[in-house]
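Read the figures in this text as sums done on the coordinates, not as results from a lab. The structure presented is a predicted model; accordingly, all values stated were derived computationally and were not measured. Every residue, glycine as well, gets a Cβ built from its backbone with ideal geometry; the counts of neighbours run over all protein chains shown.
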Amino acid sequence: MAPRLKLVDSSLRLAAIPLSAATLCLTVTNHQDNTDLGPVAYKNIQGLSYMAWISGISAAYALVAALSIWFVKCSASKPWLFFLFDQKMIAYLMVTSGAGVSEIVYLAYYGDRTVTWSEACRSYPTFCNRMTLAVIIHALALFCFIAFTVISAYRAFSLFEPPSLTPSKEVEASDNTTSRAAA
């Protein structure tokens, strides 16, 4: 891998670690008590628990991947491994957790009048603000993951030659027989 690309890749992976860790910390420590309605915490909302787990897994993966880029020889010989984990596992898991919690945040702020859900953020403003901040930081971490997914795709697919623009003789021969048969 080119030294500049290696530096950009590892820098993005290192940038994703504190973002994922901040999402995890904000989510896990998020709770608020209301004297009328009772307490609410992230454990009460399954989507927030899911986002906390995914943020922890993402931070750990980003650290292991950043270190292996510099210290393990498999990163140069097996770029498909990075591509598989970057795109299929981490990026998609982060998208699903971010989308789920974004919907929860939306419902908390605006409710759903058709099923008579009221806005929860009037009763739990601190909880909602921290939840919104966690979603924003999670989205920033997701953008880092998307960027290094593109880099790992480039590394994996640059191992192959691009397809030839000139048609092969077999294709030309089959085109000639097809045009003769049509005439």
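Using 0.36 nm times the number of residues separating K78 and V8, minus their current alpha carbon distance, what extension gain do you get? Write out the running numbers ahead of the final one.
On the way: separation 70, 0.36 × 70 = 25.20 nm, distance 1.86 nm.
Fully extending the segment from K78 to V8 adds 23.3 nm.
Sequence gap of 8 or more, or different chains, plus Cα separation below 28 Å: how many lysine pairs satisfy both in the chain? If you can, show how the numbers build up before the last one.
On the way: K6/K73; K6/K78; K6/K88; K43/K88; K73/K88; K78/K88.
So the count works out to 6.
Nearest 10 degrees is fine. How inclined is helix 125-157 to the longest principal axis of the chain, computing both from alpha carbons?
Taking the Cα atoms of the chain, the angle to 125-157 is about 10 degrees.
Please find the FRET efficiency linking T166 to S68, where r is the Cβ-Cβ separation and R0 is fixed at 35 Å, and quote it to the nearest 0.05. Working shown, then result.
Working: r = 40 Å, r/R0 = 1.14.
Once the sixth-power term is evaluated, E becomes 0.30.
Using only Cα atoms, find the angle between the long axis of helix 3-28 and the longest principal axis of the chain, and express it within 0 to 90 degrees, rounded to the nearest 10.
Approximately 30 degrees, to the nearest ten.
Say each of W53 and M89 gets a label point 7 Å from the Cα, pointing the same way as Cα to Cβ; how far apart are those two points in nm?
Taking the simple label geometry, W53 and M89 are separated by 1.5 nm.
Can you report the principal axis dimensions of the stretch 1-132 using only the alpha carbons, biggest first, rounded to whole angstrom?
Principal axes ranked by extent give 59, 27, 21 Å for the Cα atoms.
How large is the charge dipole for the stretch 80-134, taken about the Cα centre, if only the Cβ atoms of Lys, Arg (+1) and Asp, Glu (-1) carry charge, to the nearest 20 debye? Mind dumping the intermediate values first?
Values: 4 positive and 4 negative charges, 18 e Å.
That gives the stretch 80-134 a dipole magnitude of about 80 debye.
Could you check the spin-label model distance between N34 and R113? Points 7 Å from the Cα along Cα→Cβ, value in nm.
Placing both labels 7 Å beyond Cα along the Cβ direction yields 1.9 nm.
For the chain, what is the charge dipole size about the Cα centre, in debye to the nearest 20, if Lys and Arg each add +1 at the Cβ and Asp and Glu each add -1 at the Cβ?
Details: 13 positive and 11 negative charges, 101 e Å.
The dipole magnitude comes to about 480 debye.
Please give the helix 169-182 orientation as an angle from the longest Cα principal axis of the chain, in degrees from 0 to 90, rounded to the nearest 10.
Compared with the principal axis, the helix lies near 80 degrees.
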